[in-house]
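This report concerns only the one structure given below.
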Amino acid sequence: MACLADYADLIPGTVEMVETFRKRNLKIGSTTGYTGEMMDLLLAEAAKRGYEPDSTVCATDVPAARPAPWMCLENAKRLGVYPMESVVKIGDTLPDVEEGLNAGMWTIGLTKTGNEIGLSEHEIKDLSQVDYDLRIARAYQRLGQSGAHYVVDSITDVLPCLDDIELRLARGEQP
């Protein structure tokens, strides 16, 4: 617990993207494998940095964590959002994608800023171009193979996906 605050920096672009999402009248829910006690600390740190989700559901709040859909469904319930095909799950792990799919949501996988590449921004900058390209390609492949509807580098690349989802919903498509 004592060191959690040391790892609470936001992914670059998060605050700006959340502001953009909110301008679109989107609600922001968060799911996590952390306990409520851990999240209390991390949410306080995130708020200091300008990020406050509308709802946060911890693995300890539901009968089973990822890849079960319960955290996503609990967020939807708390936020009053339905039907599930109108919800988008954005995540950086394979279980994130599986969780969203199991909940009947559109899913967007994040590569560069996520667990699939598994490096800090500083560590990424230190990679050779070849190593970077291999790691990114692997992350894209793994998230795509897990069933993600979209795979992008970062949260800053999500808006075109949301626009496409809106078009697909208008055509009657579902995840």
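The values are calculated or read from the model by the stated rules, or taken from the named source; none is laboratory data. Being a predicted model, the structure only gives us computed values, none of them experimental. Here Cβ is always computed from backbone atoms with ideal geometry, including for glycine, and neighbour counts include all displayed protein chains.
Here are a few things to note about the model shown:
- Count of residues meeting criterion [closer than 14 Å to Ile28 by Cβ and buried (at least 19 other Cβ atoms within 10 Å of the Cβ)] in the range 72-101: 8
- Cβ-Cβ contacts under 9 Å between residues 6 or more apart (or on different chains), taken from a first residue in the range 32-46 that is on the phi < 0 side of the Ramachandran plot to a second residue that is among the acidic types (Asp, Glu) and outside any loop (DSSP other than H, G, I, E, B), are listed as Gly36/Asp61.
- Qualifying residue in the range 140-158 (condition: surrounded by fewer than 16 Cβ atoms within 10 Å (Cβ to Cβ), over 23 Å from Pro67 (Cβ atoms) and either without any contact (Cβ under 8 Å) to a residue 12 or more places away in the chain or among the hydroxyl-bearing types (Ser, Thr, Tyr) (or both)): no
- So Thr56, is it exposed (fewer than 15 other Cβ atoms within 10 Å of the Cβ), farther than 23 Å from Ser120 by Cβ and among the hydroxyl-bearing types (Ser, Thr, Tyr): no
- All positions within the range 137-146 that are of a type outside the set (Ser, Thr, Tyr) and within 13 Å of Asp92 (Cβ to Cβ): Ala139, Arg142, Leu143
- Out of Lys89, Lys23, sole residue that is within 25 Å of Ala170 (Cβ to Cβ), of a type in the set (Lys, Arg) and touching a Cys at 6+ places or on another chain (Cβ under 7 Å): Lys89
- Annotation note: Cβ proximity below 6 Å between a residue of the range 114-126 that is in contact (Cβ under 8 Å) with a residue 24 or more places away in the chain and a residue that is buried (at least 16 other Cβ atoms within 10 Å of the Cβ) (sequence gap 6+ or interchain) occurs for Gly114/Asp92; Glu116/Ala139; Glu116/Arg142.
- Within the range 41-89, the set of residues being touching a strand residue (DSSP E or B) at 6+ places or on another chain (Cβ under 6 Å) and more than 23 Å from Val151 (Cβ to Cβ) comprises Ser55, Thr56, Val57, Cys58, Glu74, Arg78, Leu79.
- Residue count for the range 47-88, restricted to those that are under 29 Å from Gln141 (Cβ atoms), of a type in the set (Lys, Arg) and in contact (Cβ under 8 Å) with a residue 40 or more places away in the chain: 0
- Some residue of the range 74-86 being in contact with an Asp or Glu (Cβ under 8 Å, 6 or more places away or on another chain) and not charged (D, E, K, R): yes
- Number of residues in the range 27-50 that are more than 14 Å from the chain's Cα centre (by Cα), among the hydrophobic types (A, V, I, L, M, F, W, C) and either surrounded by 15 or more Cβ atoms within 10 Å (Cβ to Cβ) or not in a helix (DSSP H, G or I) (or both) equals 6.
- Filtered residues of the range 10-41 (kept if charged (D, E, K, R) and under 27 Å from Pro67 (Cβ atoms)): Lys27, Glu37, Asp40
- Taking the range 100-128 as the range and being assigned to a helix (DSSP H, G or I) and either modelled with pLDDT of 95 or more or closer than 30 Å to Gln174 by Cβ (or both) as the test, the residues that pass are Gly100, Leu101, Asn102.
- Number of residues in the range 120-148 that are within 26 Å of Glu19 (Cα to Cα) and over 13 Å from the mean Cα position of the chain (by Cα) equals 3.
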